[in-house]
1. Does segment 218-228 contain at least one residue that is crowded, with 17+ Cβ neighbours inside 10 Å and assigned to a loop (DSSP other than H, G, I, E, B)?
2. Out of (1) hydrophobic (A, V, I, L, M, F, W, C); (2) surrounded by fewer than 17 Cβ atoms within 10 Å (Cβ to Cβ); (3) assigned by TED's automatic domain parsing to the domain that holds residue 274, the odd one out for residue 173 is which?
3. Kindly indicate whether residue 130 is at pLDDT below 85 and of a type outside the set (Lys, Arg).
4. Of the residues 183, 146, which single one is under 17 Å from residue 278 (Cα atoms), in a strand (DSSP E or B) and either out of contact with any helix residue (DSSP H, G or I) (no Cβ under 9 Å at 6 or more places or on another chain) or in contact (Cβ under 8 Å) with a residue 24 or more places away in the chain (or both)?
5. I'm trying to understand the selection: among the residues of segment 129-160, which are farther than 18 Å from residue 198 by Cα and either touching a Gly at 6+ places or on another chain (Cβ under 7 Å) or crowded, with 17+ Cβ neighbours inside 10 Å (or both)?
6. Could you grab me the full set of residues in segment 268-307 that are loosely packed, with under 15 Cβ neighbours inside 10 Å and either polar (S, T, N, Q) or part of a strand (DSSP E or B) (or both)?
Amino acid sequence: MEAQKNKRSIAIYGAMAALLIIFYYVLDLTFFDPWETYIPLMKKLALSLFLISLIFLVSKIIIKVVNTQEHLEGDRYNLLRIIRFLAIVFSLIVVASFLFQNLYAAAVSFGLISLILGFALQAPIASFIAWIYLIFRRSYLVGDRIQIKDFRGDVVEISYLDTSILECNGDYLGNDRSSGRVIRFPNSMILREEIINYSGPQIPFIWNETAIQVAYTTDLQFVEACLLKASKDDFNTQYPKIAEHNFDQWEPAVYFRINEFAWMEAVISYPVEPRDTTGRRNRILKHVLPMLNAAPDKVKFPEGTRR
């Protein structure tokens with residue numbers, strides 16, 4: 001859908017550019033001599049519109065090329081934003097050159113206007129500067145799961161002034177699934193708050209853990225073996241490309257602890273994609289509990305006063 005829209009835009013801007021440049025030279029015909037007073041203004045307007053059409057035509061062609069390349073979703077999104085921004089900036093320069101007699105007058109006027117607006121629009125300007133910082137620093141990209149202040153969710157849009165995230169967890173959920181609420185915060189917030197990025201190309205996983213309560217009379221080695229098997233089997237199924245490399249850094253581990261109710265807890269610590277924390281925990285439990293229940297002589301669960 002987007003590709004077809006971009007293709008139509010290329011055709012429209014190309015046709016506009018061709019018609020405007022033709023109109024620019026047609027104005028030199030003797031037919032327009034009765035309107036010679038307005039000819040310079042019309043030619044300047046035609047040339048300005050031609051340059052603007054050409055700028056947007058080139059930007060659409062570059063966007064088409066970018067969309068055909070293999071990039072990370074976040075990198076592609078940022079690159080397209082930069083292309084659109086530059087197209088707007090160059091178009092504004094053309095408009096300024098049309099409104100003023102020369103670029104020097106346009107630059108002076110632009111400087112005075114910027115000075116006035118700088119005081120009136122400090123917050124939006126700070127957010128725009130933060131957007132430029134995000135582009136180069138890459139603190140987070142579209143698709144990343146982040147936490148900033150009390151907001152946590154998946155980044156769905158990074159505009160010039162604000163960022164939109166699809167909230168996970170939230171006020172009504174006790175897990176990491178999407179709450180359905182969209183949170184928007186100004187980009188300027190990243191300049192004064194710490195950002196926690198749960199995902200990224202360097203480290204695809206975060207570490208999570210799930211605890212199972214067992215009695216002190218339980219065969220701990222058996223429980224450990226069952227938990228490790230459940231975690232490894234799920235990892236091999238969900239992430240086969242990573243599993244085939246047999247990376248030791250993603251090996252799960254089991255440890256035991258005493259909880260506040262004086263019960264024993266067998267805790268499995270495992271790697272998981274940020275968006276799959278709830279799903280992976282459920283799969284591990286569904287896999288390991290039948291194995292534990294099938295060996296009542298080895299596995300004892302807390303029951304009543306039995307610990």
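The values are calculated or read from the model by the stated rules, or taken from the named source; none is laboratory data. A quick note: this is a predicted structure, and the numbers were derived from the prediction, not measured. Cβ placement follows ideal geometry from the backbone for every residue including glycine, while neighbour counts extend to all protein chains displayed.
1. Yes, that holds for at least one residue.
2. Of the numbered conditions (1) hydrophobic (A, V, I, L, M, F, W, C); (2) surrounded by fewer than 17 Cβ atoms within 10 Å (Cβ to Cβ); (3) assigned by TED's automatic domain parsing to the domain that holds residue 274, the odd one out for residue 173 is (3).
3. Against the criterion (at pLDDT below 85 and of a type outside the set (Lys, Arg)), residue 130 does not qualify.
4. 146
5. Matches in segment 129-160: 130, 131.
6. 282, 293, 303, 305, 306
A quick yes/no check of all residues on (1) modelled with pLDDT under 65; (2) in a helix (DSSP H, G or I); (3) not assigned by TED's automatic domain parsing to the domain that holds residue 6:
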residue	(1), (2), (3)
49	no, yes, no
55	no, yes, no
59	no, yes, no
63	no, yes, no
71	yes, no, no
98	no, yes, no
109	yes, yes, no
112	yes, yes, no
126	no, yes, yes
